[in-house]
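The structure appears below as structure tokens.
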Amino acid sequence: MPSGELKAYTNNKSHRWYYMDGSAREYLSRKNRQLAEKLALKKYLLLRKNELLEDKSNINHRLMLLDSKCHEEMEKFLNSASYFELLPKNINKKEDWQNEEYKTNPLYPEQRNVLCPSGRYVRSKSEVFIDMALTQAGIPYRYECELILGKQNYYPDFTIKHPGTGMLIYWEHFGKMDNPDYAKAAFNKIRKYYENGLIPGKNIIVTFETRDNPFTFNEAKAALAMMKL
């Protein structure tokens, strides 16, 4: 890669590129686009290297920070049209899995009215604790995302994407286990999951509560720790 650094600016939808080397600054005209492309790729690779090194460190501590400095710098870089225009076409903007469109539970959407600190809405205070635990650990999730097992549609409370492996893990929280009919339906659902290869402690988290034994934030964090997420 060439020495120096690229600075890119947008003015009235026109991109201007400058070559920076120490205190020296040189305007790069269109005829110098090849140098600008090399410097843009250099900047991308350096940012990506720092991002991956930070991810590695965070994974080792079982923590992926949502608002880390390196992730913010990479997102800002890729969202700048002045830089992005110069990058090779096989470099895409970052995937935002949890915010992509997906089929969600169509039943009683008005009951998703409990606001989480992350800005998402869930159906209960206990699910707020799960949202908080996942968000604090930097683990992306989808809420009540459709899961098809055989010919039956299910909507697990949380579908988690493992930040290291990309494996999908499901989380069902059963909040009325002191109700016999509710408990029976809950165990039937767990059995159905098991029959389709979803094993508690492996690729599904199952938590419970009753009126006398309410679910807590610490229990949500403990459930994540058991999965080594």
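Readers should treat all values here as calculations from the given coordinates under stated rules, not as data from a laboratory. Owing to the predicted nature of the structure, the values given are computational and were not obtained by experimental measurement. All Cβ positions, even for glycine, are placed from backbone atoms using ideal geometry, and neighbour counts span all protein chains on display.
Brief remarks follow.
- Shown for region 97-226 is the translational diffusion coefficient from the Stokes-Einstein equation, using the Kirkwood radius over Cα pairs, a temperature of 10 °C and a viscosity of 1.306 mPa s: 105 µm²/s.
- Between 0 and 90°, nearest 10: helix 69-78 axis offset from the chain longest Cα axis: 60
- Peptides ranked, highest mean first, by Cβ atoms within 10 Å: ranges 186-197, 125-136: 125-136, 186-197
- About the centre of its Cα atoms, the chain shows a dipole size close to 840 debye [charges on the beta carbon of Lys, Arg (+1) and Asp, Glu (-1) only; nearest 20 debye].
- Across the alpha-carbon atoms of region 177-229, the computed radius of gyration and Dmax are 12.4, 33 angstrom.
- Most simply put, the chain has about 80% antiparallel DSSP beta bridges, counting only bridges with both residues inside it.
- Computed from the Cβ-Cβ distance with R0 of 45 Å, the FRET efficiency linking residue 21 to residue 96 stands at 0.80.
- Quarter of Cα convex hull surface for the chain, i.e. mean projection, nm²: 16.8
- Peptides 2-10, 22-30, 137-145 ordered by average Cβ neighbours within 10 Å, highest first: 137-145, 2-10, 22-30
- Fully extended contour minus Cα-Cα distance, from residue 121 to residue 34, at 0.36 nm per residue: 26.6 nm
- One Cα centroid belongs to region 142-212, the other to region 10-46; the line between them spans 51 Å.
- Helix-only [θ]222 nm of the chain, DSSP H runs n ≥ 4, -39500 (n - 2.57) each, per residue, nearest 500: -11000 deg cm²/dmol
- Surrounding net charge for residue 170, when Lys and Arg each add one and Asp and Glu each subtract one, Cβ distance under 13 Å: +1
- Full extension of the chain segment joining residue 81 with residue 48 gains 10.1 nm, where the gain is 0.36 nm per residue of separation less the Cα-Cα distance.
- Cα-projected label distance for residue 153 with residue 213, points at 7 Å along beta-carbon direction, nm: 3.4
- Label-zone membership for region 196-229, site residue 187, 7 angstrom Cα→C-beta point, backbone N under 16 Å: 207-210
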